[in-house]
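Colleague: Can you read through this structure? Questions will come right after.
The values are calculated or read from the model by the stated rules, or taken from the named source; none is laboratory data. Everything numeric here is computed off the predicted structure, so don't read it as measured data. Glycine also receives a Cβ, built like all others from the backbone with ideal geometry; neighbour counts cover every protein chain displayed.
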Amino acid sequence: MEGTPKAALRSCARAARAALSGPERAAANARLVGRLTRLPELRRASGVLLYAASEFEADPAGLLPRLLAREVRTYFPRVDGEVLEVVAAADLRTLQLGYRGIREPAGAAAELTDIDVALVPGVAFDPLGGRLGQGGGHYDRLLASLPRTTTRVGIAFACQLVPRVPTEHHDATVDLVVTDRAVHRALHRTPDR
């Protein structure tokens with residue numbers, strides 16, 4: 001795996017993301033949340049899947065109070081074996097350390113049909129909706145299981161946007177890629193195979 005194009009891209013994108021200083025990351029997160037807030041799909045949503053960001057990831061946490069003020073139901077992912085479940089949660093402080101040290105909610109899994117918009121992390125994205133994750137396939141399986149009506153939004157810093165992410169048949173794409181600098185409405189493509 002180490003010598004594959006995906007592994008090389010993961011390494012470069014992680015390094016670019018980690019190179020952002022704390023103040024740069026905070027400013028980029030604020031711009032990102034502003035762009036997300038203005039998305040028509042998010043403004044219409046009654047159920048939104050967020051995630052608890054790891055140390056260097058783009059962080060949608062600033063969006064949570066805005067969604068709750070509009071009485072939007074919010075959900076967070078939880079790993080259960082090979083499956084990524086969604087669980088209702090409205091307070092980041094209630095999340096507990098779970099799979100790979102990522103904060104996850106407790107409680108019963110919700111129905112995927114409750115999700116109108118899914119905010120999806122990634123190591124790298126391309127403007128066509130290609131997404132490169134951590135390599136475990138959890139989000140690929142979740143995205144493939146969501147209803148077609150669910151808008152899939154990849155969120156990242158601009159330094160994580162690349163011209164093309166190498167994809168295979170099992171790699172799920174997103175409908176939009178939102179960075180701190182732009183919104184890219186994806187034109188779906190076929191996998192590289």
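Colleague: I'm checking my understanding of the structure. Among residues of segment 116-128 that are farther than 16 Å from A13 by Cα and either without any contact (Cβ under 8 Å) to a residue 40 or more places away in the chain or not β-branched (V, I, T) (or both), which one is surrounded by the most Cβ atoms within 10 Å (Cβ to Cβ)?
Modeller: Filtering first and then ranking leaves A118.
Colleague: Moving on to the next point. With respect to G122, is the statement that it is under 18 Å from F76 (Cβ atoms), at pLDDT 95 or above and among the small types (G, A, S) true?
Modeller: Considered against the rule, which asks whether it is under 18 Å from F76 (Cβ atoms), at pLDDT 95 or above and among the small types (G, A, S), G122 comes out as yes.
Colleague: Would you mind telling me which numbered condition in (1) over 21 Å from H138 (Cα atoms); (2) of a type in the set (K, R); (3) without any contact (Cβ under 8 Å) to a residue 60 or more places away in the chain R35 fails?
Modeller: (3)
Colleague: How many residues does segment 34-73 hold that are surrounded by 15 or more Cβ atoms within 10 Å (Cβ to Cβ), basic (K, R) and under 20 Å from V178 (Cβ atoms)?
Modeller: Matching residues across segment 34-73 total 1.
Colleague: Sticking with this structure for a sec: Condition test on F76, is it surrounded by 13 or more Cβ atoms within 10 Å (Cβ to Cβ), hydrophobic (A, V, I, L, M, F, W, C), at pLDDT 95 or above and not in a helix (DSSP H, G or I)?
Modeller: Details: surrounded by 13 or more Cβ atoms within 10 Å (Cβ to Cβ): yes; hydrophobic (A, V, I, L, M, F, W, C): yes; at pLDDT 95 or above: yes; not in a helix (DSSP H, G or I): yes.
When the stated conditions are applied, F76 passes them.
Colleague: Tell me, yes or no, whether segment 138-153 has at least one residue that is assigned to a loop (DSSP other than H, G, I, E, B), surrounded by 19 or more Cβ atoms within 10 Å (Cβ to Cβ), among the hydroxyl-bearing types (S, T, Y) and in contact with a His (Cβ under 9 Å, 6 or more places away or on another chain).
Modeller: no
Listed here are the residues, each with its yes/no results for (1) under 29 Å from E168 (Cβ atoms); (2) at pLDDT 95 or above; (3) basic (K, R).
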| residue | (1), (2), (3) |
| --- | --- |
| A7 | yes, no, no |
| C12 | yes, no, no |
| A16 | yes, yes, no |
| S21 | no, yes, no |
| A27 | no, yes, no |
| L36 | yes, yes, no |
| P40 | no, yes, no |
| R43 | no, yes, yes |
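Colleague: Something else: Quick check: anything in segment 34-41 among the β-branched types (V, I, T) and assigned to a helix (DSSP H, G or I)?
Modeller: Yes.
Colleague: Of all the residues that make up segment 174-193, how many are modelled with pLDDT of 95 or more, under 20 Å from V117 (Cα atoms) and either acidic (D, E) or not in a strand (DSSP E or B) (or both)?
Modeller: 5
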